[in-house]
Amino acid sequence: MFGLPKSTVVNRFLPKNSFDSYTNTRQKKKFSDLVQRITWLNKLAKETINLGGKDVIEIQVFGVELKNKKKIEDLLLIIDRAIPYNIVFVISFKDELYLSAAVKHAHPLNPNKAVVDYTFESNWMKQEELTYKFVLRNSLDDVFNHFCKQIGSHQTAKGDAVTQKDIKEVIKQRQEIEQLERTLNLLKLQIRNAPQFNIQVELNQKRHKVQQKLDKLKNR
């Protein structure tokens, strides 16, 4: 998968109960109900691809087979917090899959845990439609950042190397978009419930301004 070198292959099953200490009863049940198996597929590190990194020390590729077709952001977040290294998840159900990868940093009080800053993910696709690749050059930081921007549908100009600054700008833009979308949804609800016409007009003007800002940001 992804055309990675044989030196990166691990292919080791991870018991679902490996994460029991990070979950509550409801989350344990969800792991059991939704996840068929977890496989550690690949390890990208200095010793496997001769690339080091500053913020990204290792990249793990985990395969997560599902019992039902459903996105499992909350379960992936548990795994991401439990493992201090960066992870690319390949979540599959039958002949379909989607990808997820989180930008994160070390927990300030516990070096064996991580704090997730932002998660990038693709849409569901057929397995034969998988075209994303790891570009193994420069550093592990560049490798991971470039992959995140691929699955987040962002590209750099002229195919330049993706830097940590680039990915931070992408995260900032995505967060701004999500905040504007939440504001827009709230305004639409307020417009529907507004008791007076003049209040509806005022809210519509605000909605129009937010929509313009959102459209501009998405097209930037």
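Return the Rg/Rh value of the chain, two decimal places, where both radii are evaluated on C-alpha atoms and Rh is the Kirkwood radius.
Working: Rg = 20.2 Å, Rh = 19.4 Å.
Dividing the radius of gyration by the Kirkwood radius yields 1.04.
Give the lysines reachable from LYS71 as a straight Cα distance under 18 Å; neighbours fewer than 8 places away on the same chain don't count.
In chain and number order, the partners are LYS16, LYS28, LYS29, LYS30, LYS94, LYS126.
Say the dipole of the chain comes from +1 at the beta carbon of Lys and Arg and -1 at that of Asp and Glu; which of VAL103, LEU75, TYR132 then lies farthest toward its positive end?
LEU75
Please give, to one decimal in nm, the separation of the simple spin-label points placed at LYS54 and VAL9, each 7 Å out from Cα toward the Cβ.
3.5
Evaluate the charge dipole of the chain about its Cα centre and quote only its size in Debye, nearest 20, assuming +1 on the Cβ of each Lys and Arg and -1 on the Cβ of each Asp and Glu.
So the magnitude is around 460 debye.
Give the lysines reachable from LYS104 as a straight Cα distance under 18 Å; neighbours fewer than 8 places away on the same chain don't count.
LYS104 reaches LYS43, LYS54, LYS113, LYS149, LYS165, LYS168, LYS172.
About the Cα centre of region 173-218, what is the dipole size in debye to 20, counting +1 per Lys and Arg Cβ and -1 per Asp and Glu Cβ, all else neutral?
That gives region 173-218 a dipole magnitude of about 60 debye.
State, to one decimal in nm², a quarter of the convex hull surface area for the C-alpha atoms of region 173-218, i.e. the direction-averaged projected area.
Across all orientations, region 173-218 yields a mean hull projection of 2.8 nm².
Straight-line reach from LYS70: which aspartates and glutamates have a Cα under 20 Å away, not including same-chain ones fewer than 8 places off?
Candidates past the 8-residue exclusion: ASP33, ASP80, ASP95, GLU96, GLU121, GLU128, GLU129.
Read the figures in this text as sums done on the coordinates, not as results from a lab. As the structure is a computational prediction, the values presented were derived from the model and not from experiment. Because the Cβ atoms are built from the backbone with ideal geometry, glycine has one as well, and the counts that use them run over all protein chains shown.
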